[in-house]
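Read through the structure below, which is laid out as C-alpha cells, and then see the notes.
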Amino acid sequence: MECSFPVINMEKLQGEEREKAMELLRDACENWGFFELLNHGISPELMDEVERLTKEHYRKNREQKFKEFASKALGNGSKSEVNDMDWESTFFLRHLPVSNMSELPDMGDVYRKVMKEFAAKLEMLAERLLDLLCENLGLEKGYLKKAFCGSKGPSFGTKVSSYPPCPRPELIKGLRAHTDAGGIILLFQDDLVSGLQLLKDGQWIDVPPMRHSIVVNLGDQLEVITNGKYKSVLHRVVAQRDGNRMSIASFYNPSSDAVIFPAPSLVQKEAEKDDAAAAYPRFVFEDYMKLYVVQKFQAKEPRFEAMKAMAPPVPTS
C-alpha cells in the first residue's frame, strides 16, 4: 500500500496532539526527506500577494526573454544539449548575511517590500523547524542553527522560478534531478500547476500542490550533521504542456565558513550499535559548494567521498 505524502498541521504542535505531530515530523524526515506544512503562521493574504506580484513580475520582465530562449532551445538544440538544460526562468534573492534586493533593478518597490516581509517570516519558520528537528533528534535546542552559523551567521536566499508551458515535455525537464546542497529548504509552490516530484523507493512521486502550504525538504548538510539519520532526497520538476508553474524556494543554509560534521551525540548513538565511525566527513561548507556547483546533477555520495579525501580534517576548536 502506498504511503500518502506527509502533511503536517503546525497548529497540532500545540496541545494534546503534539506528540503525534512530532512523530509525523520524525517519520517525514527519516523516510521522505520532504513534507508539507499547513497553518505555518504565514498569512494567506501575504502569500497571495507574493504570488500575484511574482507572476506579474515574470510577465513584465522575463516572459519575452524566456520565449526567445525556448525557441532556440527546441529549434536548434541537439538531444544532448537539451538534456543539459532546464525549462525554467529564474532569478535569485539574497537575504542573509547581506541582502541584494535593493540591487535588482526590475523589482518594483512594492514587490521588494512584500518579498522582504515574506523572507523574514520564512527565516523565522526555518529556525522554528530546525529546533523541532533538534527535539526529535535529541539534540540541544539551537544546535542546528549554531552548526550553520560560522563567523557570519547562516546564509539565507530565495530562488524565484517560473516553469512556463513546454510544447515538448518529453524532450526537456523543467529542472533535472538533484539533491539540494544546503540545510533546510522552504518552498512556496503553485497550487494549480504541478510538476515537482521526489524519488522514493525507486519511484517518482508527485509533491501535491496545496493552497497556502509550504513544502519543506532537507539538504545535504542536514544529512551530514545527522550522520545519515535524515537524508536529502533526489527531486526534479517535470515540464508541463499547460500552465506556468510558480516556485519560490528559500534556502536556509550554513555560512560559507561553517565547519560541517556529524553531531557527536548522534555518532555516539551509532557507536553503541557497534558502528563507531562517523559515516560522513568533516568539511567547510564553501568547499562543498565549490564541488556541488560542478556536480549538482550527479549523485551526492561521490561528493561526500571527495570531502573525506580532502586533507586534513578541520580542527574542532
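The values are calculated or read from the model by the stated rules, or taken from the named source; none is laboratory data. In this text the structure is predicted, and so the values were computed from the model without any measurement. We place every Cβ from the backbone using ideal geometry, glycine too, and count neighbours over all the protein chains shown. For accessibility, only protein heavy atoms count, side chains too; no ligands or nucleic acids. Shrake-Rupley method; radii C 1.70, N 1.55, O 1.52, S 1.80 Å.
Observations on the structure shown:
- Cβ-Cβ distances below 8 Å connect the following pairs, each with a first residue in the stretch 147-170 that is under 19 Å from Lys65 (Cα atoms), a second residue that is outside any strand (DSSP E or B) and aromatic (Phe, Trp, Tyr), and a separation of six or more residues or different chains: Ser162/Tyr58; Ser162/Phe66; Tyr163/Trp87; Pro164/Phe66; Pro164/Trp87; Cys166/Trp87.
- Residue in the stretch 87-101 that is closer than 23 Å to Gly195 by Cβ, in contact (Cβ under 8 Å) with a residue 24 or more places away in the chain, out of contact with any Leu (no Cβ under 9 Å at 6 or more places or on another chain) and part of a loop (DSSP other than H, G, I, E, B) present: no
- Of the set (1) in contact (Cβ under 8 Å) with a residue 40 or more places away in the chain; (2) out of contact with any Leu (no Cβ under 6 Å at 6 or more places or on another chain), all apply to Gln203 but (1).
Here is a yes/no grid of residues against (1) among the hydrophobic types (A, V, I, L, M, F, W, C); (2) at pLDDT 95 or above; (3) surrounded by 21 or more Cβ atoms within 10 Å (Cβ to Cβ); (4) under 11 Å from the mean Cα position of the chain (by Cα):
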{"position": "Gly182", "(1), (2), (3), (4)": "no, yes, yes, yes"}
{"position": "Asn217", "(1), (2), (3), (4)": "no, yes, yes, yes"}
{"position": "Arg236", "(1), (2), (3), (4)": "no, yes, no, no"}
{"position": "Arg241", "(1), (2), (3), (4)": "no, no, no, no"}
{"position": "Ile248", "(1), (2), (3), (4)": "yes, yes, yes, yes"}
{"position": "Ile260", "(1), (2), (3), (4)": "yes, yes, yes, no"}
{"position": "Lys269", "(1), (2), (3), (4)": "no, no, no, no"}
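- Filter result for Glu51 (at pLDDT below 95 and assigned to a helix (DSSP H, G or I)): no
- Residue selected from the stretch 223-234 under the condition touching a helix residue (DSSP H, G or I) at 6+ places or on another chain (Cβ under 7 Å) and farther than 23 Å from Glu123 by Cα, by the criterion least open to solvent (accessible area, probe 1.4 Å): Asn227
- Here Leu122 fulfils each of the conditions (1) surrounded by fewer than 20 Cβ atoms within 10 Å (Cβ to Cβ); (2) of a type outside the set (Phe, Trp, Tyr); (3) in contact (Cβ under 8 Å) with a residue 24 or more places away in the chain apart from (1).
- Filtered by the rule that a residue be in contact with a strand residue (DSSP E or B) (Cβ under 8 Å, 6 or more places away or on another chain) and open to solvent by 60 Å² or more (accessible area, probe 1.4 Å), the stretch 32-54 gives a lone residue, Asn39.
- For Glu68: the one exception among (1) out of contact with any Phe, Trp or Tyr (no Cβ under 7 Å at 6 or more places or on another chain); (2) at pLDDT 95 or above; (3) under 30 Å from Pro167 (Cβ atoms): (2)
- Residue check: Lys159 meets all listed conditions (1) more than 25 Å from Arg94 (Cα to Cα); (2) within 16 Å of the chain's Cα centre (by Cα) but one, namely (1).
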